[in-house]
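The values are calculated or read from the model by the stated rules, or taken from the named source; none is laboratory data. Being a predicted model, the structure only gives us computed values, none of them experimental. Here the Cβ is made from the backbone with ideal geometry for all residues, glycine too, and neighbour counts use every protein chain on show.
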Amino acid sequence: MFSIQLDIMQTLILAIVLYLLGGVIKNRFSLFNKFCIPSPVIGGLMFCILTLFLNIFNICSVSMDTTLMPYFMTFFFTIIGLGVSLSLVKKGGKLLFTYWILCGILAYCQNTLTIILSKSLHINPLLGLMCGTISMEGGHGCAAAFGATIESLGVSGACSVGIASATFGLILGGVIGGPIAKFLIEKYKLKPSHTNTSLSSNTANKNRSTSSFNLSALSFFEQILIILLAMSLGDFLTNLIYKSTNIILPSVVCCMFVAVIFRNLNEKVQFVKLDFKLLDFLNEVSLGMFLTMALMSIDLYKLSSLFGPIIVLVLCQVLFIVTFALLICFKALGKDFDAAIMISGLIGHGLGATPNALANMSSVSQKYGYSEKAFLVVPLVGAFLLDLFTMPCIILFINLLS
């Protein structure tokens, strides 16, 4: 078996090709378009499965340089921050609080479910806990961090189990989120409200063609500069907080926080004119690249030895979150079009990550219409508020089981 090593440029080229290929497949085969499966998920997952078979049949192995992936993610969240106006947050008030509480309930239920199932499967509950909130709502980063903590308690393989669970969750969250929202929209014949506009509150529907905006080099670099400055300042704040308090925060949180502050100060002082059509376009590009890279770089072959019990636990988590979303969350969120879009986001980050949630919502919105409330509430909760529930929840269960 020979190995293929892709450098940073070759990895980027592959990601672009897979993203485009995913779009072609989605448009060519009505099944993908019908169920609102995001293009990055189609392309990235297809390559992920291809490399699995190449390894199984001992043909070749592929390694990639995904250095750009975290930058795409930070770029994406920074733009999300620039779209958050406090006046819009006030609009989301009760709905945002309700969604946040539902995510908190989900976190505690996920951990409780894994403990019950772990005992039934005769698995160490601490190891089973890695298939709960840690990897589902926490994602790969949380799985690696808390996996090391659990391994220090004498439970071997915790990191591997957590990363494998997060991987399956990421895939399933991107695959089923869109179809669930589609089911709700069509079953209840839901339509977007006339008040739904983009986050700028001045631009037209999110379904507008991104090619319709007027682009100049000056405008482009002006918006890019704002994003990069927010990213740089956010990274500086992350390091400052860690050095001052030993508290580890994801850099995307600080970057998004800086972007939110700038957006709202800019509304009052008008430092610069934000081009929200261009920002929407850059948002879509960065999200597509991040999600494609995240999926195409998953090594299913290395995770194959852990498939058995992990698949059982993750599938039970999927069944639970779908039931929870349909029977409780959809009704609690208003049982309307906005609620249906938010359900696709809830499943996306409840099983995978916030970019998954945004990809699901974007895919559904492209077909059925835009929801301003959903694109306001889900990123705020997924990137900011969710950790206020998940971190104490994870720490509590680790201490109860250790």
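Scanning region 112-154 for residues that are outside any helix (DSSP H, G or I), in contact (Cβ under 8 Å) with a residue 40 or more places away in the chain and under 25 Å from the mean Cα position of the chain (by Cα) yields CYS131, GLY132, THR133, ILE134, MET136, GLU137, GLY138.
Within region 255-291, which residues are part of a loop (DSSP other than H, G, I, E, B) and within 24 Å of ILE16 (Cβ to Cβ)? Give the derivation first.
Our first condition is that a residue be part of a loop (DSSP other than H, G, I, E, B); within region 255-291, this holds for 270-275.
Residue satisfying the conditions is ASP275 alone.
Rundown of residues vs (1) modelled with pLDDT of 85 or more; (2) within 23 Å of HIS349 (Cα to Cα), yes/no style:
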position: VAL272; (1), (2): yes, no
position: LEU291; (1), (2): no, yes
position: ASP299; (1), (2): no, yes
position: PHE324; (1), (2): yes, yes
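Being at pLDDT 90 or above, over 14 Å from PHE389 (Cα atoms) and crowded, with 24+ Cβ neighbours inside 10 Å narrows it down to one residue among LEU129, LEU117, LEU106, LEU113; which is it?
Values: LEU117 fails: crowded, with 24+ Cβ neighbours inside 10 Å; LEU106 fails: over 14 Å from PHE389 (Cα atoms); LEU113 fails: crowded, with 24+ Cβ neighbours inside 10 Å.
Testing whether each residue is at pLDDT 90 or above, over 14 Å from PHE389 (Cα atoms) and crowded, with 24+ Cβ neighbours inside 10 Å leaves just LEU129.
Please work out which residue is nearest to the chain's Cα centre (by Cα), limiting yourself to region 155-183 and to residues that are surrounded by fewer than 24 Cβ atoms within 10 Å (Cβ to Cβ) and under 15 Å from MET130 (Cβ atoms). Residue satisfying both the conditions and the ranking: ILE163. Could we say that LEU274 is under 20 Å from the mean Cα position of the chain (by Cα) and among the aliphatic types (A, V, I, L, M) here? Considered against the rule, which asks whether it is under 20 Å from the mean Cα position of the chain (by Cα) and among the aliphatic types (A, V, I, L, M), LEU274 comes out as no. The combined condition, being at positive phi and touching a residue at least 60 places away in the same chain (Cβ under 8 Å), is not fulfilled by LYS367. Among the residues that make up region 225-234, is at least one of them assigned to a loop (DSSP other than H, G, I, E, B), surrounded by 15 or more Cβ atoms within 10 Å (Cβ to Cβ) and modelled with pLDDT under 95? No, the conditions are met nowhere in region 225-234.
Considering only region 302-312, I want to know if a residue exists there that is over 27 Å from GLY178 (Cα atoms), in contact (Cβ under 8 Å) with a residue 40 or more places away in the chain, part of a helix (DSSP H, G or I) and out of contact with any Leu (no Cβ under 9 Å at 6 or more places or on another chain). Scanning region 302-312 turns up at least one residue that is over 27 Å from GLY178 (Cα atoms), in contact (Cβ under 8 Å) with a residue 40 or more places away in the chain, part of a helix (DSSP H, G or I) and out of contact with any Leu (no Cβ under 9 Å at 6 or more places or on another chain).
Of all residues in region 59-109, count the ones that are part of a helix (DSSP H, G or I), aliphatic (A, V, I, L, M) and under 19 Å from LEU291 (Cβ atoms).
Taking region 59-109 as the starting set, the residues that turn out to be part of a helix (DSSP H, G or I) are 69-82, 86-109.
In the following step, the residues that additionally are aliphatic (A, V, I, L, M) were identified as 69, 73, 79-80, 82, 86, 88-89, 95-96, 101-102, 105-107.
Filter again for under 19 Å from LEU291 (Cβ atoms), leaving 69, 73, 79-80.
Residues that pass the stated criteria total 4.
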